[in-house]
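J.: Supplied in structure tokens, the structure appears directly below.
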Number of protein chains: 2
Amino acid sequence: MNSINRQVRLAARPSGLPKASDWEVTSEPVPAAGPGQFVVAISHLSVDPAMRGWMNAGASYIPPVEVGAVMRAGAIGQVTASEHPGFAIGDYVYGTFGVQEYAASDGKGVIKLDTSLAEPTTYLGALGMTGLTAYFALFDVGRIQEGDTVVISGAAGAVGSVAGQIAKLKGCRVIGIAGGQDKCRMLVDEFGFDAAIDYKSEDVRTALREHAPGRVDVYFDNVGGDVLDAVLTRLARGARIIICGAVSQYNAEQVTGPANYLSLLVARASMTGMVVFDYQDRYPGAMAELAQWLRDGQLVSREHIVHGSISDFPDVLLMLFAGHNTGKLILALDPG
Amino acid sequence: MNSINRQVRLAARPSGLPKASDWEVTSEPVPAAGPGQFVVAISHLSVDPAMRGWMNAGASYIPPVEVGAVMRAGAIGQVTASEHPGFAIGDYVYGTFGVQEYAASDGKGVIKLDTSLAEPTTYLGALGMTGLTAYFALFDVGRIQEGDTVVISGAAGAVGSVAGQIAKLKGCRVIGIAGGQDKCRMLVDEFGFDAAIDYKSEDVRTALREHAPGRVDVYFDNVGGDVLDAVLTRLARGARIIICGAVSQYNAEQVTGPANYLSLLVARASMTGMVVFDYQDRYPGAMAELAQWLRDGQLVSREHIVHGSISDFPDVLLMLFAGHNTGKLILALDPG
């Protein structure tokens, strides 16, 4: 076991895409477990589009990461020392441990992982925030019903690929929007979507006319921008748009608003923002249902695991904005 | 009684503000009442921002007015001839009779007016589509609750001025946004708003910080554009935005979308379009309640009546986009 804890800290607030000088890799001694605490050796870091928002100053749904602080990240790992009655050495846990090799915790917001149910990394994918986001967005905000036509952007991404599968197993017609033929093929062949639209080579509006002739009942938006505007022109009466993210806008100098928003009036439709943290008291029930679907083979958790060390985090983050991941992007911290 | 029926027809689809050449005034004989029909002599025409949308080609919540057709308009008048068992000569009626002096009708969608309850013109204002729009938007879409902070744009207009009063009598804190000191004074002094913001001379975002320090629970949007973007920065958690109209955008070459729409995510807020026609089966109950408030003096119906002839319609319509009306804009067809 190491005695040094390497960390990635925010060195400067980025403008546009984060660059190397916005980060600093620091080292400090591995923390000890104080009374009521335990220490985790982090094995896998969750790499999420939302991280870009956390790097900006200003109020959001969560406080920004301060300049000089360890970058916020969800992570899993194993307990290596414990002065906490609820956590024992060897336990697998999930928590917001940050981009570092070791973290001390008092257990607040930490979930113990049942590794008999699924691989630990699944708790960053379909059994983690990813799956929970898809679950509550579809059921609570999207109010999906059997027979609905559901369109999902960023469909080959972490949340999108789980959301499409859930909508399918609830009897919806599901159309995914993603970038590139390979991703589109995977949506249909691997995740069982009814159709896929490659926004890089197709006109989304025209393709929607073909694949959703009866218009769109629920739109799960992870990207914003032109794709959001295209779907707005094809809404069914009473459609629900879930605003889950806007990856096309996170690095923009100035966000472009949806010029076609008045379609909400024409269609009597709604556009609603969602943040998974609001559903915390319902995580256990949702996780049980997600676990059941995984066991039954009705749901596939696709993780895109990059192996490396803590100092690879800045480059791995950029993969998200280049669209280089399929499924949940994870940085595995290999011993070395 | 005249034998000639003068009409205003759409001559061309306007680009930007409608101009004289987009209209044509035509004459034809006054229609006769066929079997099951009656004829109305129109006394007052409703002049609405939504009319601008009806002049455009393409699908909306209602079919466009065809080029060459009589311009669509809500109107009131008196029955002058009847072969319909439900309508007698002398009855006051409301219907979508169009911009003309006389209309034949089979009674579909026509409301008989109880003139013992209110002046006929009130049925174009607080007791008509104006009041009904405010009513269903606030209760069904905005889900207003006692203690909510409600912000209304276009607040000195027809729907806005009624909406503010209804929100007040339901125990909300109400802030109106309007153009000019006179309108703002009227919002507070005549309609009982708690505060008013003059978007022409004040920074709306700063003014909202002062007047709605606890942020905005419900935003009733009649204007879109910069005002919508300003309010988006001040949403309370779970806020509801009602998209009722967008008068700032109706004559624009290209609609500007709300750049701050990601505030919906931060605030877990919703933005929902509404069209009053969807609530037709509940008009009677709503009208009874509105009439009660009018009788009790809790609600003032403000009508801005311009006297003239049918050929004045094009100019009166432009008053809306110049912000020259307060309350419900009506063209009274004076006998002449």
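J.: I'd like the residue in region B:221-233 that is within 30 Å of A:VAL276 (Cβ to Cβ) and more than 11 Å from chain A (Cβ to nearest Cβ) and, out of all such residues, is surrounded by the most Cβ atoms within 10 Å (Cβ to Cβ).
T.: B:VAL231
J.: Can you name every residue in region A:193-220 that is among the hydroxyl-bearing types (Ser, Thr, Tyr), surrounded by fewer than 20 Cβ atoms within 10 Å (Cβ to Cβ) and in a loop (DSSP other than H, G, I, E, B)? Outline the logic, then answer.
T.: Residues of region A:193-220 that are among the hydroxyl-bearing types (Ser, Thr, Tyr), as a first pass: A:199, A:201, A:206, A:219.
Checking the rest, the ones that are also surrounded by fewer than 20 Cβ atoms within 10 Å (Cβ to Cβ) come to A:201, A:206.
Answer for region A:193-220, where residues must be among the hydroxyl-bearing types (Ser, Thr, Tyr), surrounded by fewer than 20 Cβ atoms within 10 Å (Cβ to Cβ) and in a loop (DSSP other than H, G, I, E, B): just A:SER201.
J.: Next up: Criterion first (under 21 Å from the mean Cα position of the chain (by Cα) and either surrounded by 23 or more Cβ atoms within 10 Å (Cβ to Cβ) or modelled with pLDDT of 95 or more (or both)) does B:GLY95 satisfy it?
T.: So B:GLY95 fits the description; yes.
J.: Residue by residue through region A:92-132, note down the ones that are among the β-branched types (Val, Ile, Thr) and out of contact with any strand residue (DSSP E or B) (no Cβ under 7 Å at 6 or more places or on another chain).
T.: At the first step, the residues of region A:92-132 found to be among the β-branched types (Val, Ile, Thr) are A:93, A:96, A:99, A:110-111, A:115, A:121-122, A:130.
Answer for region A:92-132, where residues must be among the β-branched types (Val, Ile, Thr) and out of contact with any strand residue (DSSP E or B) (no Cβ under 7 Å at 6 or more places or on another chain): A:THR96, A:THR122.
J.: Pull up region B:292-310, narrow it to residues that are touching an Asp or Glu at 6+ places or on another chain (Cβ under 8 Å) and crowded, with 17+ Cβ neighbours inside 10 Å, then point me to the one that is farthest from the other protein chains (Cβ to nearest Cβ). Before the answer, list the steps.
T.: Initial filter on region B:292-310 (touching an Asp or Glu at 6+ places or on another chain (Cβ under 8 Å)): B:300, B:302, B:306-310.
Still in the list and also crowded, with 17+ Cβ neighbours inside 10 Å: B:302, B:306, B:310.
Working: B:ARG302: 24, B:VAL306: 27, B:ILE310: 29 Å.
Filtering first and then ranking leaves B:ILE310.
J.: Okay, next question. If the requirement is being in contact with a Leu (Cβ under 8 Å, 6 or more places away or on another chain) and free of Cβ contacts under 8 Å to residues at least 40 places away in the same chain, which of these qualifies: B:GLY192, B:GLY176, B:GLY147, B:GLY131?
T.: Numbers: B:GLY192 fails: in contact with a Leu (Cβ under 8 Å, 6 or more places away or on another chain); B:GLY147 fails: in contact with a Leu (Cβ under 8 Å, 6 or more places away or on another chain); B:GLY131 fails: free of Cβ contacts under 8 Å to residues at least 40 places away in the same chain.
None of the other options fit; the residue is B:GLY176.
J.: Please go through region A:241-274 and pick out each residue that is at the interface with chain B (Cβ under 9 Å from one of its Cβ atoms), surrounded by fewer than 20 Cβ atoms within 10 Å (Cβ to Cβ) and among the aliphatic types (A, V, I, L, M).
T.: Hits for region A:241-274 are A:VAL255, A:ALA259.
J.: Continuing with the same structure: For a quick check of your reading of the model, give me the residue pairs whose first member lies in region A:17-33 and is not assigned by TED's automatic domain parsing to the domain that holds A:MET71, whose second is surrounded by fewer than 16 Cβ atoms within 10 Å (Cβ to Cβ) and hydrophobic (A, V, I, L, M, F, W, C), with beta-carbon atoms closer than 7 Å and at least 6 apart or on different chains.
T.: Filtered contacts from region A:17-33: no entries.
J.: When you check A:PHE87 against the structure, is it over 20 Å from the mean Cα position of the chain (by Cα), within 30 Å of A:SER3 (Cβ to Cβ) and not aliphatic (A, V, I, L, M), yes or no?
T.: So A:PHE87 fits the description; yes.
J.: Kindly provide the set of residues from region A:24-68 that are of a type in the set (D, E, K, R), more than 16 Å from A:ASP312 (Cβ to Cβ) and surrounded by fewer than 18 Cβ atoms within 10 Å (Cβ to Cβ), ordered by number.
T.: Within region A:24-68, A:GLU28, A:GLU66 meet the criteria.
J.: Among the residues of region A:70-84, is there at least one that is over 25 Å from A:ALA322 (Cα atoms), within 14 Å of another protein chain (Cβ to nearest Cβ) and under 21 Å from the mean Cα position of the chain (by Cα)?
T.: No.
The values are calculated or read from the model by the stated rules, or taken from the named source; none is laboratory data. Only a predicted model underlies this, so the values are computations on that prediction, with no experimental measurement involved. Glycine also receives a Cβ, built like all others from the backbone with ideal geometry; neighbour counts cover every protein chain displayed.
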